[in-house]
Amino acid sequence: MTYQTANDHSAFHSAVGGLRAAITAVGDVLKSIGKSYMDASVASSRMHLIRTLQGKSDAELAHLGLKREDITRHVLRDIYYL
């Protein structure tokens, strides 16, 4: 007499694939949130620098090699062509 067992692993592999996709999706969302937080942080620090430089006198700006009308261009020079 012969015994046969059918080992169907397709349901298991399907479940693992679904779990892997869910974990990847959660990771992508967390990465996006982290990037948004970093972008907001960098933007906030740049605005703080612009306000600080705008608060300086023309003589202080000249000592730094800046003109008042060039403050924004100077602070954002690496991300915008102004």
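Name the residue from H48, L30, A11 whose Cα lies farthest towards the positive end of the charge dipole of the chain, charges +1 on Cβ of Lys and Arg and -1 on Cβ of Asp and Glu.
H48
Between I23 and Y37, what is 0.36 nm times their sequence separation minus the Cα-Cα distance? Round to one decimal in nm.
Details: separation 14, 0.36 × 14 = 5.04 nm, distance 2.11 nm.
That pair, I23 and Y37, stretches by 2.9 nm at full extension.
How much length would be gained if the chain were fully extended between K56 and Y80, taking 0.36 nm per residue of separation minus their Cα-Cα distance, in nm to one decimal? Before the final figure, lay out each step's value.
On the way: separation 24, 0.36 × 24 = 8.64 nm, distance 2.33 nm.
Difference between extended and current length: 6.3 nm.
Tell me the label-point distance for the pair K67, A15, using the 7 Å Cα-to-Cβ offset, in nm and rounded to one decimal.
Result: 7.1 nm between the two label points.
In the chain, if the dipole is taken from +1 on Lys/Arg beta carbons and -1 on Asp/Glu beta carbons about the Cα centre, which of S57, A21, I71 is farthest to the positive end?
In the chain, that residue is S57.
Any idea what the dipole of the chain comes to, in debye rounded to 20, about its Cα centre with Lys/Arg Cβ at +1 and Asp/Glu Cβ at -1? Walk me through the numbers on the way to the answer.
Working: 10 positive and 8 negative charges, 49 e Å.
Result for the chain is approximately 240 debye, rounded to the nearest 20.
Tell me the carbon and sulfur percent of the accessible area for the chain, rounded to whole percent, probe radius 1.4 Å. Let's see the in-between values first.
Working: 4320 of 7150 Å².
Roughly 60 percent of what the probe reaches on the chain is carbon or sulfur.
What angle, in degrees between 0 and 90 and rounded to the nearest 10, separates the Cα long axis of helix 10-54 from the longest principal axis of the Cα atoms of the chain?
Here the helix axis deviates by roughly 10 degrees.
Would you mind working out the accessible area per residue for the chain, using a 1.4 Å probe, and quoting it in Å²? Mind dumping the intermediate values first?
Working: 7150 Å² over 82 residues.
On a per-residue basis, 87 Å².
Report, in deg cm²/dmol and to the nearest 500, the calculated mean residue ellipticity at 222 nm for the chain, where each DSSP H run with n ≥ 4 adds -39500 (n - 2.57) and the sum is divided by the residue count. Walk me through the intermediate numbers first.
On the way: 3 runs with 56 residues, N = 82.
So the calculated ellipticity at 222 nm is -23500 deg cm²/dmol.
Can you give the local net charge around V75? Use residues other than it whose beta-carbon is closer than 14 angstrom to its beta-carbon, Lys and Arg +1, Asp and Glu -1.
Numbers: positive: R46, R51, K56, K67, R68, R73, R77; negative: E69, D70, D78.
My count for the surroundings of V75 gives +4.
The values are calculated or read from the model by the stated rules, or taken from the named source; none is laboratory data. If you're wondering where the values come from, they're calculated on a predicted model, not measured in any experiment. Cβ coordinates were reconstructed from backbone atoms using ideal geometry, including for glycine residues, and neighbour counts include every protein chain displayed. What goes into the accessible areas is simple: the full protein's heavy atoms, side chains included, and nothing from ligands, DNA or RNA. Shrake-Rupley method; radii C 1.70, N 1.55, O 1.52, S 1.80 Å.
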